[in-house]
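Below: one structure, written as structure tokens.
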Amino acid sequence: MRWSRTSWAAIPLILGLAAPTAAPTRDKLTFALNFIPYGIHTAFYAAQEKGFYDRANLDVTIQRGTGSSDTVTKVAAGSVDFGFADAGSVVVGRAKDAKVTMVAMILDKGVSTIYTYKGSGITKPKDLEGRTVADSAGGATLTLFPALAAVQGIDVSKVQFLIVAPAAKNPTLIEKKADAMLTFSTFEPNLKALAAAKGMEIVALPYSEWGVDIYGLSLLTSERMLRERRDVVRRWTEATMRAVAWSVENPDEAVALFVKQNQAVSPDLAREQWRIVVDHLLTPTAKEHGIGYMTEEKVRRTRDLLVKYQKLEADIPLKDLYTNEFLPRLFPQRPAR
């Protein structure tokens, strides 16, 4: 029997086989961190390495950050699609017409902290009057300081702020070029390691224990993304939060994947930094509603504190600040030790 070209072309149909189709093009996205990569960002790199983004048909590029305020600005401008930034910076950004919205809360408990050293004479926030306090420009903890000052009765005019590069903050305190430093508690492992080498003992004064209990670091996107690419926002948020949940339950592997892409970071420090994230993630709210969930009451408290003490002259509706719409209901458990 002779086969014509037409007969050969028909074979796939005769056999009931579908013609091969091209793989769908993955959506290319950029995700800006709040700072240089360190252990608190573990889950985001796990999302890349373990295929969470691939399975959501996403090609995500992670960019280092230079402070939460800058990340908010980039997301609002559309130069990046998603960001990781402090909730207080989101409120301040909104007041300045940065149209960004939080889609998940990673640090349900805030991490803004005053650090000093034993023997400095600083045992409470009020003791910062007449002292030098280091932070970097645009730092989220510095942005929130006026709220702490108001609650604790600190005369800000009596506090001398020393603005240094982010990488110089820890050495500035260790070398006693400043009496105290403002930063996130997630940096505490690095700070304690440097202090131990100098025979110093570090003292922490968390904002949350001194009257300023508001939201910490969040995932955010722009109003434009919410309006024009809702499906992408949904897929990215779900993939990211599933990676967060997986990293909670598999911390050693998650940290190893993070260090694979960030080899300058000590695995031991990264592991401790990620542990601190988990401590601030698995709150009673997360246990009731799932990780990432934001309550109206705490978003309002966060907004109102910033508006009042930063003297923000803007009406910021709560609905513009956050949404839980895209969150999967995830309840990760710490691994047994």
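Annotations
- Sole residue being modelled with pLDDT under 95, outside any loop (DSSP other than H, G, I, E, B) and outside the structural domain of SER136 (by TED's automatic domain parsing), chosen from ASP54, ASP59, ASP70: ASP70
- Enumerated helices (runs of 4 or more DSSP H) restricted to the stretch 272-337, each holding at least 3 residues that are under 16 Å from VAL212 (Cβ atoms) and free of Cβ contacts under 8 Å to residues at least 60 places away in the same chain: 296-309
- Verdict on LEU269 being within 25 Å of THR61 (Cβ to Cβ), in contact with a Gly (Cβ under 9 Å, 6 or more places away or on another chain), part of a strand (DSSP E or B) and in the same structural domain as ASP54 (by TED's automatic domain parsing): no
- Number of the condition not met by THR42 [criteria: (1) modelled with pLDDT of 95 or more; (2) buried (at least 24 other Cβ atoms within 10 Å of the Cβ); (3) within 17 Å of VAL103 (Cα to Cα)]: (3)
- Residue match in the stretch 161-180 (condition: crowded, with 19+ Cβ neighbours inside 10 Å, of a type outside the set (Phe, Trp, Tyr) and under 21 Å from the mean Cα position of the chain (by Cα)): yes
- Residue selected from the stretch 194-208 under the condition in contact with a Ser or Thr (Cβ under 9 Å, 6 or more places away or on another chain) and part of a helix (DSSP H, G or I), by the criterion surrounded by the fewest Cβ atoms within 10 Å (Cβ to Cβ): SER208
- Some residue of the stretch 140-158 being assigned to a strand (DSSP E or B) and either among the basic types (Lys, Arg) or under 17 Å from TYR115 (Cβ atoms) (or both): no
- Consider the stretch 105-137 and keep the residues that are within 30 Å of ARG242 (Cα to Cα) and of a type outside the set (Asp, Glu). The one that is surrounded by the most Cβ atoms within 10 Å (Cβ to Cβ) is MET105.
The values are calculated or read from the model by the stated rules, or taken from the named source; none is laboratory data. Here the structure is a predicted model, which is why all the values come from computation and not from measurement. Quick reminder, even Gly has a Cβ in these numbers, built from the backbone with ideal geometry, and neighbours come from all protein chains shown.
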